[in-house]
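Written out below as structure tokens is the structure these notes cover.
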Amino acid sequence: MSCLISKPIIVITPNKVVIQLFYYLNKFYYCNKLLNNNKLQSLCLILSKIYQKPVELELNRLHYPYYDSNILSNMIGLISNIVKLRFIIKKLFTIAKIKKTNNFINKYSIIPSYLSGFKIRVAGRLLTQRVVPRLTVKTIQKGTLSRGKAQFVDNARFTNKNKRGSFSITVTTGHIFF
């Protein structure tokens with residue numbers, strides 16, 4: 001489908017099955033025919049035969065990849081062989097809007113949640129990094145992820161191989177709900 005998707009959230013009711021997905025249009029793999037209706041309808045038909053109930057897909061577009069940990073980990077994993085990690089992190093820190101939890105109450109906000117912090121852990125050697133012996137784990141964190149301040153903490157991992165061995169990128173994000 002030429003986009004990055006989140007983990008599905010499946011809601012099963014007595015009448016129907018609803019599958020909720022978030023997707024992000026990746027600039028590197030952008031395609032005009034993103035959501036092919038024939039493929040989605042055939043997928044719904046196959047799933048309705050499995051569940052023996054009508055199946056609905058709810059697709060919600062994310063405009064920023066850092067709101068979902070699975071999308072962010074996949075995006076960093078895909079572009080880490082092209083762009084150096086420090087440039088990715090620098091760009092992410094400047095773009096991401098992280099709200100501090102103390103004295104921040106907005107009852108009339110349209111946005112249902114804010115980002116309280118995120119942590120990126122890269123284990124292994126990427127193609128764009130220099131080979132350094134025994135230093136294969138880097139951890140970068142911005143904001144807070146403590147359970148007392150962040151109401152929802154989610155993590156995702158992307159694992160892949162390159163010519164220098166395998167590597168994994170773990171992204172943990174924290175959200176504050178209103």
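Observations on the structure shown:
- Heavy-atom accessible area per residue - the chain, 1.4 Å, Å²: 67 Å²
- Taking the C-alpha atoms only, the angle from helix 85-95 to the longest principal axis of the chain is near 60 degrees.
- Counting only residues at least eight positions apart within a chain, or on another chain, the lysines with an alpha carbon under 30 Å from that of K84 are K7, K27, K97, K99, K100, K119, K138, K142, K161, K163.
- Gyration tensor (alpha-carbon) shape descriptor, the chain, a/c threshold 1.5: oblate
- For the chain: relative contact order, % (alpha-carbon pairs under 8 angstrom, 6 or more apart): 21 percent
- Near I10: Cβ cut-off under 13 Å, other residues only, Lys/Arg at +1 and Asp/Glu at -1. The net charge is +1.
- With every protein chain in place, the chain: carbon and sulfur % of accessible area (1.4 Å): 55 percent
The values are calculated or read from the model by the stated rules, or taken from the named source; none is laboratory data. What you see is a predicted model, and the numbers here were worked out from it, not measured in a lab. Please note: Cβ atoms are built from the backbone with ideal geometry, for glycine as well, and neighbour counts cover all protein chains shown. Surface areas here come from the heavy atoms of the whole protein model, side chains and all, with no ligands, DNA or RNA. Shrake-Rupley method; radii C 1.70, N 1.55, O 1.52, S 1.80 Å.
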